[in-house]
Amino acid sequence: MADLGPIAWPPDPIMTERLVLRAPEARDRTTFIELLASPEVHVYLGGPRPRDDLDREVPEVPERWPGSFVVELDGSMIGQVLLRRATEHRRPAAAGKADLGYLFLPRAWGFGYAVEACAAALDWFDETLPGEPVVLTTQTANAGSMRLAAKLGFAEVERFQAWDAEQWLGLRPPATPSA
């Protein structure tokens, strides 16, 4: 995965009304495995990974790179928000731009945590790398992701076929500095 470049990492934890966004720690490993092995989480992401493989492959401190935030509620990890550079294998409209991704445990769905956490991560991104657009890709069948993209200000750039499903690519223009 391409990173965001030379930025100070990890940042201080980001506090929202209900959540904390922070760098991954060793205590998060079990939840990362749960996220990656969950059939519900991976309905639109190509299917879950086998838990035995994940137990062998996931490092002691998972996903510790700039742009990878653990989302914590009441002291426990409930999800992850990712901001990373879209690579060349992605759509041409996305290549080189920051790409927003997220995974949340099914028990955390339906409470607005994803919108709250992604908005906080995007605010951090706008302060850290001002003037940069962000893209988001999801399957059009993923109604929850489509709603989240709209709430966060992503506008459709294109639809395309990949992984035997219609995909949606949205763009969030760079934040304009406040006067």
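Looking at the stretch 111-179, the strands (runs of 3 or more DSSP E) lying wholly inside it that each contain 3 or more residues that are under 18 Å from the mean Cα position of the chain (by Cα) sit at 134-139, 165-172.
Yes or no, residue by residue, for (1) surrounded by fewer than 14 Cβ atoms within 10 Å (Cβ to Cβ); (2) of a type in the set (Phe, Trp, Tyr); (3) outside any loop (DSSP other than H, G, I, E, B); (4) in contact with a Phe, Trp or Tyr (Cβ under 6 Å, 6 or more places away or on another chain):
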{"site": "Thr30", "(1), (2), (3), (4)": "yes, no, yes, no"}
{"site": "Val43", "(1), (2), (3), (4)": "yes, no, no, no"}
{"site": "Pro48", "(1), (2), (3), (4)": "no, no, no, no"}
{"site": "Gly101", "(1), (2), (3), (4)": "no, no, yes, no"}
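Does Pro130 meet the test of being at pLDDT below 95 and either loosely packed, with under 12 Cβ neighbours inside 10 Å or among the hydroxyl-bearing types (Ser, Thr, Tyr) (or both)? Spelling it out, Pro130 is indeed at pLDDT below 95 and either loosely packed, with under 12 Cβ neighbours inside 10 Å or among the hydroxyl-bearing types (Ser, Thr, Tyr) (or both).
Check whether at least one residue in the stretch 62-76 is touching a His at 6+ places or on another chain (Cβ under 9 Å), free of Cβ contacts under 8 Å to residues at least 12 places away in the same chain and surrounded by fewer than 16 Cβ atoms within 10 Å (Cβ to Cβ), and report yes or no. No, the stretch 62-76 has no match at all. Tell me yes or no: at least one residue of the stretch 5-14 is part of a strand (DSSP E or B), surrounded by fewer than 18 Cβ atoms within 10 Å (Cβ to Cβ), more than 14 Å from the chain's Cα centre (by Cα) and touching a residue at least 60 places away in the same chain (Cβ under 8 Å). So far as the stretch 5-14 goes, yes, one or more of its residues are part of a strand (DSSP E or B), surrounded by fewer than 18 Cβ atoms within 10 Å (Cβ to Cβ), more than 14 Å from the chain's Cα centre (by Cα) and touching a residue at least 60 places away in the same chain (Cβ under 8 Å).
The values are calculated or read from the model by the stated rules, or taken from the named source; none is laboratory data. Keep in mind the model is a prediction, meaning the values are calculated, not measured. For neighbour counting, all protein chains shown are included, and Cβ atoms are generated from backbone atoms with ideal geometry for every residue, glycine included.
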